[in-house]
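Student: Mind having a look at this structure? Questions to follow.
The values are calculated or read from the model by the stated rules, or taken from the named source; none is laboratory data. Bear in mind the structure is a predicted one, so any value in this text is a computation, not a measurement. Here the Cβ is made from the backbone with ideal geometry for all residues, glycine too, and neighbour counts use every protein chain on show. Surface accessibility is based on the protein's heavy atoms, side chains included, excluding ligands, DNA and RNA. Shrake-Rupley method; radii C 1.70, N 1.55, O 1.52, S 1.80 Å.
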Amino acid sequence: MSRIEQLIGEIEEYIDSCKFSPLSNTKIQVNKEELEELLVELRMRIPDEIKKYQKIISNQDAIISEAKTQADTILAQATEQTNELVNEHEIMQQAYARANEIVEEAQAQAQAIIDDAVADANSIRQGSINYTDEMLKSLQMIISHSMEGAQGRFAEYLSSMQSTYDIVTANRNELSAGVTGEEDMGAAQ
């Protein structure tokens, strides 16, 4: 298990351990600093994981180089065999035909080795891209859930403030009406 997967697991455990907001079964309260620490470490680890997969991809060149070396060796052996056969005048035609077969076989083997190496490298590259995409998708979901929770708490806070504001306004209006009523009574006497 990579460190990124461990960090995502820690973030999920942290979210699961958070307390629910008052009067809510879906919204939680999080310690911003603790969540930010986990996210910062996750951001720092992602480049390391990507470098690891880039090293794997860079081995593609070594595999292809080894395949070319093997192909060159096979071609050199085929050429050497061809030269030996050509030197013998009686079987010159047979030697020429056999040499061509060997060269074609060598080229086919070399091409097969190169094709396999390229396919393996492409598979590794695609796997690393898929893995990185999955990690980023998980991070995206975590951030999205955190943002939704923060928006919900902010909406509750605004609603509470609006309710308090409405009560204060109503109280002021009642006081205002009482003062006006007393002034009218004093003027009438």
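Student: How many angstrom lie between the C-alpha centres of region 126-144 and region 52-119?
Tutor: A separation of 42 Å, based on Cα centres.
Student: Which number gives the lysine pairs in the chain that have C-alpha atoms under 21 Å apart and are eight or more places apart or on different chains?
Tutor: Total qualifying Lys-Lys pairs in the chain comes to 5.
Student: Specify which residue in the list Gly127, Gly149, Thr82 is farthest towards the positive end of the charge dipole of the chain, using unit charges on the beta carbon of Lys, Arg (+1) and Asp, Glu (-1), about the Cα centre.
Tutor: Gly149
Student: Another question about this same structure. Rounded to the nearest percent, how much of the accessible area of region 79-145 (1.4 Å probe, protein heavy atoms only) is carbon and sulfur? Walk me through the numbers on the way to the answer.
Tutor: Values: 2430 of 4750 Å².
Its accessible area is 51 percent carbon and sulfur atoms.
Student: Cut-off 20 Å, label point 7 angstrom out along Cα-to-Cβ of Ser159: give me the residues of region 20-51 whose amide nitrogen falls inside.
Tutor: Only 20-30 pass the distance filter.
Student: Would you mind getting the Kirkwood hydrodynamic radius of region 9-123 from its Cα pairs, rounded to one decimal in Å? Before the final figure, lay out each step's value.
Tutor: Values: mean 1/r = 0.0508 Å⁻¹.
Evaluated on region 9-123, it is 19.7 Å.
Student: Could you give the accessible area per residue of the chain, probe 1.4 Å, as a whole number in Å²?
Tutor: Details: 14000 Å² over 189 residues.
About 74 Å² of surface per residue is accessible.
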